[in-house]
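Peer 1: Structure in structure tokens, see below.
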Amino acid sequence: MSLHAFVARRVITPAGIHPAAILVRGEQIHAVVSSDQVSAGDYEIHDFGDAVILPGLVDSHVHINDPGRVEWEGFETATRAAAAGGYTLVVDMPLNCLPATTTVAALEAKRAAAQGRCRVDWAAWGGVAHDNQNDIEALAASSVRGFKCFLVNPGIDGFTMVTEKQLRAALPRVARTGLPLLVHAELPGPIDLATKALATADWSYYSTYLRSRPDEAELAAIRLMLALCREYGFRLHIVHLSTSQALPELRAARDEGLPVTVETCPHYLHLSAETITNGATLSKCAPPIRSRENCERLWQGLKDGTIDLVVTDHSPCPPAMKRLAEGNFRTAWGGIASLSVALPLMWTEAGKRGFTLRDVARWMASAPARLAGCDARKGRIAAGCDADFVVFDPDCEFIVTEERLHYRHRVSPYLGETLRGVVKATYLRGNPVFAEEEFHGEPAGREYAVTHQIKP
């Protein structure tokens with residue numbers, strides 16, 4: 001069995017940032033020791049000098065769209081972009097693929113689609129839809145990492161929203177699995193009222209779209225889910241938090257002892273409504289990007305721990321669906337793809353605010369791994385974990401170009417921006433899958449699947 005030592009002056013471990021050697025035996029980390037404990041006669045040494053070694057990133061919110069919509073993305077292109085971005089595990093959302101992952105049969109179709117096509121490891125969320133209450137526990141037994149639901153129409157065929165009545169039918173089953181329920185927290189009532197009032201508005205204006213998805217839609221949905229969490233005792237996770245107005249109530253729920261976690265995304269932490277020009281539909285997502293002041297409050301939520309993790313919500317589509325020619329925010333697809341540039345996006349913003357790469361590693365590696373129940377082997381540089389890590393130059397700047405995006409349709413609201421921090425290499429289970437802007441080896445990613453016990 002080959003023995004390797006990966007050495008750098010800055011290695012991010014659960015204990016902090018310090019000089020270290022990561023000792024790898026086979027596919028796992030055997031130990032993390034000081035650099036002077038390593039002998040060239042015992043190990044093949046890979047010295048990265050002043051670069052930083054972070055744990056392989058984990059993205060628990062990715063729309064791979066495979067099977068069924070590979071013209072949007074697919075396992076090959078999504079995991080290629082992930083490898084280039086420093087991710088070693090992505091967790092696929094149950095919608096945008098056909099069939100949606102709401103049954104065990106659909107999960108098996110996804111496994112067949114992934115076979116031999118992934119450059120990084122992957123796992124799957126199951127879906128909670130209006131009619132699949134009887135499939136929830138079977139999906140859990142088949143190794144989905146949890147469940148996703150929408151409280152508002154997701155705007156796509158194949159996956160339905162759920163009403164409060166339908167949620168109440170599903171939640172006892174979700175609670176028995178012990179797995180998290182990930183909720184797109186917007187209610188349709190406030191959105192419908194706002195949209196009706198904008199019937200004659202100009203939808204090429206970003207301000208029109210922003211007014212159509214008011215903070216109140218998120219707030220009302222989060223209040224509903226907190227009440228249901230209190231009643232049923234399931235693990236609640238709020239996906240892609242956009243409104244900072246919800247932070248005090250989420251903080252109070254955590255203080256109350258409710259099992260609530262929260263994520264936000266790089267686009268909410270980097271962009272702001274004031275920076276989005278009219279017709280710039282590449283920046284459309286739901287919930288929407290709000291004001292600069294709101295953005296700063298989300299950063300404060302990360303600082304005080306109310307927001308636990310940062311994920312991409314990588315949601316690609318064919319460019320025609322973005323309505324780039326007419327710039328219509330009403331008809332354009334809502335989603336932003338960012339797997340390849342999320343780490344430098346976050347470091348560009350976090351470094352300005354006094355955060356360290358240890359913070360970034362917590363938000364983008366260990367916390368998403370914990371949410372998805374993969375933290376026994378993923379998201380940390382520690383003995384017993386998979387030898388997944390990313391070599392990162394935090395001081396190098398680059399301009400975002402199409403060549404750096406690597407996913408299927410290379411469109412992005414970030415094109416032309418100067419970002420700080422470059423992924424030099426990504427290692428999956430001790431082997432390089434991306435280095436110096438090139439992909440290495442054949443696709444060797446696997447599903448992270450573990451047997452799950454259902455509560456009686």
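Peer 1: Specify which of the listed residues (81, 106) is farther than 20 Å from residue 337 by Cα and either open to solvent by less than 10 Å² (accessible area, probe 1.4 Å) or basic (Lys, Arg) (or both).
Peer 2: 106
Peer 1: Enumerate the pairs (first residue in region 14-40 and at positive phi; second residue anywhere and of a type in the set (Lys, Arg) and open to solvent by 20 Å² or more (accessible area, probe 1.4 Å)) with beta-carbon separation below 7 Å, excluding pairs fewer than 6 apart on the same chain, so at least 6 apart or on different chains.
Peer 2: Here the result reads 16/358, each pair linking region 14-40 to a residue that is of a type in the set (Lys, Arg) and open to solvent by 20 Å² or more (accessible area, probe 1.4 Å).
Peer 1: Out of 129, 123, 112, report the one residue that is assigned to a strand (DSSP E or B) and among the aliphatic types (A, V, I, L, M).
Peer 2: It is 123.
Peer 1: Do any residues in region 231-244 that are under 27 Å from residue 294 (Cβ atoms) have Cβ atoms under 6 Å from those of residues that are assigned to a helix (DSSP H, G or I), where the two are at least six apart or on different chains, and which pairs are they?
Peer 2: 236/225; 236/229; 242/268; 243/215; 243/218; 244/294; 244/297; 244/298
Peer 1: For region 285-314, enumerate the residues that are in contact with a strand residue (DSSP E or B) (Cβ under 8 Å, 6 or more places away or on another chain), closer than 20 Å to residue 411 by Cβ and not hydrophobic (A, V, I, L, M, F, W, C).
Peer 2: Correct list: 312, 313, 314.
Peer 1: Could you pull out every one of the strands (runs of 3 or more DSSP E) wholly within region 1-52 that has 2 or more residues that are crowded, with 19+ Cβ neighbours inside 10 Å and at pLDDT 95 or above?
Peer 2: 3-13, 16-25, 28-33
Peer 1: Every residue in region 22-53 that is among the aliphatic types (A, V, I, L, M) and over 21 Å from residue 359 (Cα atoms), please.
Peer 2: The answer is 23, 24, 29, 31, 33, 38, 40, 45.
Peer 1: Say whether the condition of being more than 20 Å from the chain's Cα centre (by Cα) and open to solvent by less than 10 Å² (accessible area, probe 1.4 Å) is met by at least one residue in region 344-364.
Peer 2: Checked region 344-364: no residue is more than 20 Å from the chain's Cα centre (by Cα) and open to solvent by less than 10 Å² (accessible area, probe 1.4 Å).
Peer 1: Right, something else. Output the number of residues of region 105-137 satisfying the condition of being without any contact (Cβ under 8 Å) to a residue 60 or more places away in the chain, out of contact with any Gly (no Cβ under 9 Å at 6 or more places or on another chain) and hydrophobic (A, V, I, L, M, F, W, C).
Peer 2: The number of residues fulfilling the criteria is 4.
Peer 1: Additional query: Suppose we filter region 276-294 for residues that are over 16 Å from residue 327 (Cβ atoms) and open to solvent by 10 Å² or more (accessible area, probe 1.4 Å); how many remain?
Peer 2: Here the count works out to 6.
Peer 1: Can I ask one more? Quick check on my filter: what residues within region 399-456 are open to solvent by 60 Å² or more (accessible area, probe 1.4 Å) and among the basic types (Lys, Arg)?
Peer 2: Residues satisfying the conditions are 404, 408, 410, 420, 424, 446, 455.
Peer 1: Evaluate region 152-169: report whether one residue or more is under 29 Å from residue 389 (Cα atoms), over 17 Å from the mean Cα position of the chain (by Cα) and either part of a helix (DSSP H, G or I) or of a type in the set (Phe, Trp, Tyr) (or both).
Peer 2: Looking through region 152-169, none of the residues is under 29 Å from residue 389 (Cα atoms), over 17 Å from the mean Cα position of the chain (by Cα) and either part of a helix (DSSP H, G or I) or of a type in the set (Phe, Trp, Tyr) (or both).
Peer 1: Using beta carbons and a limit of 7 Å, which pairs, at least six apart or on different chains, have the first residue in region 266-283 and touching a residue at least 24 places away in the same chain (Cβ under 8 Å) and the second one basic (Lys, Arg)?
Peer 2: Listed pairs, sorted by first residue: 273/290; 281/322; 281/323; 282/322.
Peer 1: Looking at region 202-215, I want the residues that are part of a loop (DSSP other than H, G, I, E, B) and have a partner that is of a type in the set (D, E, K, R) with Cβ atoms under 6 Å, at least 6 apart or on another chain. Which pairs are those?
Peer 2: Taking only residues 6 or more apart or on different chains, the pairs are 203/330.
Peer 1: Please work out which one of (1) within 23 Å of residue 423 (Cα to Cα); (2) buried (at least 22 other Cβ atoms within 10 Å of the Cβ) is the condition residue 393 fails and give its number.
Peer 2: Residue 393 satisfies every listed condition except (2).
The values are calculated or read from the model by the stated rules, or taken from the named source; none is laboratory data. Because the structure is a prediction, the values reported are computed rather than measured. Ideal geometry is used to build each Cβ from the backbone, glycine not excepted, and the neighbour counts take in all protein chains shown. Protein only, heavy atoms only, side chains kept; ligands, DNA and RNA dropped before computing areas. Shrake-Rupley method; radii C 1.70, N 1.55, O 1.52, S 1.80 Å.
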